[in-house]
Ligand code: FAD
Ligand code: MG
């Protein structure tokens with residue numbers, strides 16, 4: 001089912017792209033399927049081909065290290081063996097960043113959530129609603145501060161398992177953007193399945209226009225809104241991305257580590273905008289768990305232009321709140337179903 005959506009997204013992007021570029025000097029675009037999502041890499045300039053190859057190569061390398069289900073990955077080995085004496089520098093850096101984000105968000109981002117994600121069947125597609133006793137047992141294994149990093153090694157207590165799915169695409173976006181810059185690319189846009197990473201501005205010097213999906217119906221072409229971005233990541237977490245329905249209830253893949261159940265904070269979509277893809281990815285998941293008030297409190301404490309993030313929060317009642325740094329960079333397009341306010 002997801003594959004159909006992905007294929008239609010591919011065709012849509014292809015048609016937009018073909019319609020949008022002229023014959024000469026147009027962008028180069030390549031598509032790759034990685035991390036269970038369709039990725040679209042577009043670069044401008046004479047080194048565009050080299051930039052795209054470099055970006056695709058680092059994304060594939062990271063997929064090989066970070067997949068929780070691929071038996072050859074670092075993460076698989078860490079979970080199977082309760083740790084690893086030595087992991088790749090990328091794996092270590094990402095785990096270290098994710099643990100800091102765990103601290104920053106009071107544990108709303110917790111990479112040791114994996115036993116719970118498995119119990120709900122989000123990894124296998126064999127969806128299941130775990131009972132209270134099962135969840136209580138599994139929750140005793142969820143605590144990111146149990147993850148120990150020592151040199152290039154990682155260790156986990158018995159029964160603890162990690163999942164970097166909430167941060168890996170953001171990190172991959174950072175590394176892919178760096179690969180572009182290393183090839184001398186000044187203008188590129190990378191869409192890693194909902195995580196958009198921009199390099200520089202558009203070739204004419206104007207900002208990139210990044211569409212934010214409409215949480216009411218993410219398949220629709222009438223987007224929620226558009227963000228202007230230059231050298232920024234724009235990362236959205238939405239309950240609609242992966243979910244299943246059972247007995248009239250919807251269960252989505254973003255889990256509140258306090259309860260072991262799908263986050264139920266009143267938010268239906270969170271977009272985080274900032275220069276660091278990994279920070280934006282981790283925060284988009286965590287703020288979705290924390291809810292509107294706690295998300296704004298964290299932004300007031302740690303966000304803004306200097307430390308690097310602004311947010312777009314969408315509640316189930318149709319209220320869209322953008323933080324001050326985005327007030328002149330976000331345009332609400334679906335004014336029929338949503339209202340917009342700015343948080344200071
Ligand atoms: P985000 O909001 O960024 O992250 C949500 C994901 O993070 C959840 O799916 C869960 O895995 C985890 N999570 C949930 N709650 C929390 C929390 N509170 N704290 C921390 N983490 C949480 N999917 C497949 O079906 N098959 C595959 O083979 C597969 N391979 C992958 C390989 C790689 C390297 C990566 C990065 C992802 C892969 N995925 C695969 C997708 C993965 O399982 C997640 O669904 C995906 O990363 C979610 O991204 P998102 O941007 O939609 O959501
Ligand atoms: Mg995330």
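Under the condition of being touching a residue at least 60 places away in the same chain (Cβ under 8 Å) and crowded, with 19+ Cβ neighbours inside 10 Å, the residues counted in region 64-82 number 5.
With respect to (1) more than 16 Å from ligand 2 (Cβ to nearest atom); (2) crowded, with 18+ Cβ neighbours inside 10 Å; (3) closer than 23 Å to residue 326 by Cβ, the lone exception for residue 270 is condition (1). Inspection of region 132-140 identifies no residue that is over 23 Å from residue 63 (Cβ atoms) and touching a strand residue (DSSP E or B) at 6+ places or on another chain (Cβ under 6 Å). Taken together, 126, 221 contain a single residue that is closer than 30 Å to residue 251 by Cα and in contact with a helix residue (DSSP H, G or I) (Cβ under 8 Å, 6 or more places away or on another chain), which is 221.
Taking residues in region 286-301 that are under 21 Å from residue 170 (Cβ atoms) and within 13 Å of ligand 1 (Cβ to nearest atom), and partners anywhere that are part of a helix (DSSP H, G or I) and at pLDDT 95 or above, the pairs with Cβ atoms closer than 6 Å and at least 6 places apart or on different chains are 287/295.
Of all residues in region 227-252, those satisfying the criterion of being in a loop (DSSP other than H, G, I, E, B) and at pLDDT 95 or above are 230, 231, 232.
Set side by side, the residues 199, 160, 235, 212 differ, and just one is within 16 Å of ligand 1 (Cβ to nearest atom), surrounded by 16 or more Cβ atoms within 10 Å (Cβ to Cβ) and farther than 30 Å from residue 317 by Cβ, which is 160.
Exactly one residue out of 177, 166 is surrounded by 17 or more Cβ atoms within 10 Å (Cβ to Cβ), under 22 Å from residue 101 (Cβ atoms), away from ligand 2 (no atom under 14 Å from the Cβ) and touching a residue at least 60 places away in the same chain (Cβ under 8 Å), and it is 177.
Yes/no per residue for (1) at pLDDT below 95; (2) assigned to a helix (DSSP H, G or I); (3) within 30 Å of residue 89 (Cβ to Cβ):
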site	(1), (2), (3)
114	no, yes, yes
122	yes, no, yes
136	no, yes, no
145	no, yes, yes
149	no, no, yes
154	no, no, yes
159	no, no, yes
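Pairing residues of region 223-243 that are under 19 Å from residue 168 (Cβ atoms) and touching a residue at least 60 places away in the same chain (Cβ under 8 Å) with residues that are away from ligand 2 (no atom under 16 Å from the Cβ) and in a strand (DSSP E or B), at Cβ distances under 8 Å and at least 6 apart in sequence or on separate chains, gives 233/198. Return yes or no: is residue 281 modelled with pLDDT of 95 or more, within 12 Å of ligand 1 (Cβ to nearest atom) and not in a loop (DSSP other than H, G, I, E, B)? Yes, satisfied. With respect to (1) crowded, with 20+ Cβ neighbours inside 10 Å; (2) farther than 18 Å from residue 342 by Cβ; (3) in contact with a strand residue (DSSP E or B) (Cβ under 8 Å, 6 or more places away or on another chain), the lone exception for residue 322 is condition (2).
If you check 264, 293 for being under 29 Å from residue 142 (Cα atoms), over 17 Å from the mean Cα position of the chain (by Cα) and assigned to a loop (DSSP other than H, G, I, E, B), only one passes: 264.
Select from region 94-111 the residues that are in a helix (DSSP H, G or I) and in contact (Cβ under 8 Å) with a residue 60 or more places away in the chain and write down the one among them that is surrounded by the most Cβ atoms within 10 Å (Cβ to Cβ).
Among those that are in a helix (DSSP H, G or I) and in contact (Cβ under 8 Å) with a residue 60 or more places away in the chain, it is 94.
The values are calculated or read from the model by the stated rules, or taken from the named source; none is laboratory data. If you're wondering where the values come from, they're calculated on a predicted model, not measured in any experiment. Neighbour counts are summed over all protein chains in view; Cβ atoms, including those assigned to glycine, are modelled from backbone coordinates with ideal geometry.
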